[in-house]
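Written below as structure tokens is the structure these notes are about.
Taken together, the values in this text are just the output of simple stated rules run on the coordinates, not laboratory data. Every value quoted in this text rests on a predicted model; they were computed, and no experiment measured them. Cβ: placed from backbone, ideal geometry, glycine included. Neighbour counts: every protein chain shown.
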Amino acid sequence: MNKQVKNRVLEAFIDEFLIRLREVAADPAMKKRPDLEAIVYQDIKILEQTDNLDKLAPKMFQQISSRYIEEPANFPKSLIELYYWARVETNKYDAVAWSDVQAGTNWLEK
């Protein structure tokens, strides 16, 4: 897989992540938990501005899991589904990004 293909794969994943975040934000169940709604909107804004999933994902995972432990009542199912989907998919994202480094294409193209 060359660098252009990898970049397209990574960009497509970030786009899919944004789509899913927006779907969670639109979930009516989020209105019952304004604290979670604020996290999701903040994450959408960060991802739209920076495309930096490497920094966003761990922060998001920590915030969601700690909020769930603190107050599991009225926790939106859509956010739980996003959490588990993102946990699996970010590993794939990291693997594609890391394969670029391992293959040396970053250094060869400079």
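The residue that is surrounded by the fewest Cβ atoms within 10 Å (Cβ to Cβ), counting only those in segment 37-83 that are at negative phi and assigned to a loop (DSSP other than H, G, I, E, B), is Ala73.
The condition of being among the charged types (D, E, K, R), over 20 Å from Asn91 (Cβ atoms) and under 17 Å from the mean Cα position of the chain (by Cα) holds for only one of Glu71, Glu48, that being Glu48.
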